[in-house]
1. Amide H to amide H, which residues 5 or more places from A:Glu332 or on other chains are under 5 Å from it, using H placed in the peptide plane?
2. Rounded if a/c is under 1.5, else prolate if a/b beats b/c, else oblate: with a ≥ b ≥ c from the C-alpha gyration tensor eigenvalues square-rooted, which is the stretch A:274-420?
3. Sticking to Cα atoms, compute the Rg of the stretch A:358-428 to one decimal and its Dmax as the biggest Cα-Cα distance, whole number, in Å.
4. Can you list residues from other chains, or at least 5 along the same chain, whose modelled amide H is less than 5 Å from the amide H of A:Leu415?
5. Please compute the per residue accessible area over the stretch A:227-270 with all protein chains in place, 1.4 Å probe, rounded to a whole number of Å².
6. Please turn the phi angles of the stretch A:159-175 into ³J(HN,Hα) values with the Karplus equation 6.51 cos²θ - 1.76 cosθ + 1.60 (θ = phi - 60°), one per residue in order, whole Hz, x for glycine and proline.
7. Can you tell me the orientation of helix A:340-349 relative to chain A, as the angle in degrees between its alpha-carbon axis and the longest Cα principal axis, to the nearest 10?
8. Please determine, in degrees from 0 to 90 and to the nearest 10, the orientation of helix A:277-293 with respect to the longest principal axis defined by the Cα atoms of chain A, where the helix direction is its Cα long axis.
Amino acid sequence: MSDDLFKKIVSHAKEYGFIFPSSEIYDGLSAVYDYGQYGSELKNNIRSYWWKSMVQMHENIVGIDAAIFMHPTTWKASGHVDAFNDPLIDNKDSKKRYRADVLIEDYAEKQFEKAEKEVEKAKKRFADNFDEALFRSTNPRVLEYRKKGEEAVAKMAQMLEANDLEGVRQLIVDLEIVCPISGSRNWTDVRQFNLMFETRMGSVAEGAESIFLRPETAQGIFVNFMNVYKTGRMKIPFGIAQTGKAFRNEIVARQFIFRMREFEQMELQFFVKPGTEMEWYQKWREERMKWHLDMGIPASKYRWHKHEKLAHYANAAADIEFEFPFGFKELEGIHSRTDFDLNAHQQFSGKKLQYFDPELNESYVPYVVETSIGLDRTFLAVFSHAYEEQTLEDGSVRTVLHIPHFLAPIKAAVLPLVKKDGMPEVAMKIVEDLRQEFMVQYDEKDAIGRRYRRQDAIGTPFCITVDNETMENNTVTVRERDSMEQIRLPAEKLINVLSEKLKPGKL
RNA sequence: GCGGCAGUAGCUCAGUGGUAGAGCAUCAGCUUCCCAAGCUGAGGGUCGUGGGUUCGAGCCCCAUUUGCCGCUCCA
């Protein structure tokens, strides 16, 4: 049922110029999409809502726009070179895929467990006069198991370091590792999956340096920490915000714009005094949820997901999940990243990345609380929640996008009730006035009802209609999208009245 | 990456080897003083792409690409 709804939403997004498959005339490109004439407006409006509420509305937050290309060492310091490179192997019988390094580590773990069992057995056998340390260091079976495990891990590390994938496969074969599902040893080659896109900088192929397209925007903020701190005269606690594209070579990317290989993030890195990070983590959790609810989307569509298993850099992490047509999925992450990133960059660069605290009269590496939200995912959340096929009282059906007014691509359409008696000219004059303030459209084609429906389909909150009465006293009707109710206003009051209704939070 | 299903007009789809269709949408005109499915006319498809079988392929076969579902992956 929700699959059908989701298909309709995808079709609607294309049919009305919100989202197109990338380079569609060449059959498209897997998991890449383009934003169309209305989609880019909606996306810009969401980005702008974020930027205003994060940067403009906070005294102590500034925004930057770092480049997508970064020095290759950045990704060693951040951990992405290690974490985003997985050697994978498939079992041909069970069709299951495993991380080759995990298989070998599991093998080693089993050997260690066998050694422990020997120790346990001996402990029972010798009871009171058992010297465990001596047993461990002398018993041949214990030594043998431990040696097998340690050697396997050591060999693997050596091979991965040398990028010897064939060697890793051979190691799996030699260790007689079997697939836990099929029990067979029928393995494919080991393949390296690099989740970072790689390209070359420099036009001469031989001398070109291999660089990566950033897999997250956060590092552009961390490497600029000192620049912003010094030139912006920032005092802790302070934040640096950024929106921009990031790239991940996902093994499978699916579900429309939910998981794309090229996507846009909106991130805040908030630098705080060590030890205060938990209160800021709480504060930003509240603030970010409020941001979502202020769009007018009901709280029931959101839920928290607390990370039990934390990433290597975090000491607390939670996701805001949204109920998409295909279920609750991650929309935004709020992470307490400790001083992991700045410390790492400090080490790799050899440059001091510290804040001098005038109150303590000492320097420290600040802790970081991050809020990181997917712009494309927020677009999908707003768009899919807005979509409704509404059955009216007369039994007819209209497709309407209940996009929050202030985010709508087109704010108002100006429509002459009929295409004669001078109404088109008056309507076009109103369009020229409103255009100074909002995205507006003029439409005179077809019956008025049909034109209302067309605007409903792209989520235009207001339709302004010029009729006979306008010709007499210069008043117009304003029809609101969701209620379909009309009010009559003097044309010269339109800008003021609409501006008020188009503020965030007004629905 | 593996397995299954699918790709025909902007959208939804019909078309079982013999001249490419429908509804909606779009455009032009008419009608219309307020909520689509009134009237007239028009435009738009080398049937995802490339090969093959056949006198003849949208339809059968192979490859490829894109999408969907299930695995897998998603620090």
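The values are calculated or read from the model by the stated rules, or taken from the named source; none is laboratory data. Computed from a predicted structure; not experimentally measured. As a convention, Cβ positions derive from the backbone with ideal geometry for all residues, glycine included, and neighbour counts pool all protein chains shown. Side chains are part of the model used for accessible areas, which takes the heavy atoms of the whole protein and leaves out ligands, DNA and RNA. Shrake-Rupley method; radii C 1.70, N 1.55, O 1.52, S 1.80 Å.
1. When sequence neighbours closer than 5 places are left aside, the close amide H contacts are A:Ile320.
2. It comes out prolate by the Cα gyration axes.
3. Gyration radius and largest Cα-Cα distance of the stretch A:358-428: 24.5, 77 Å.
4. Amide H neighbours of A:Leu415, under 5 Å, 5+ apart: A:Ile464, A:Thr465, A:Val466.
5. Each residue of the stretch A:227-270 exposes 43 Å² on average to a 1.4 Å probe.
6. 5, 5, 4, 8, 6, 8, 6, 5, x, 5, 4, 4, 4, 4, 5, 4, 7
7. It is inclined by approximately 70 degrees.
8. So the helix axis and the longest Cα principal axis differ by about 40 degrees.
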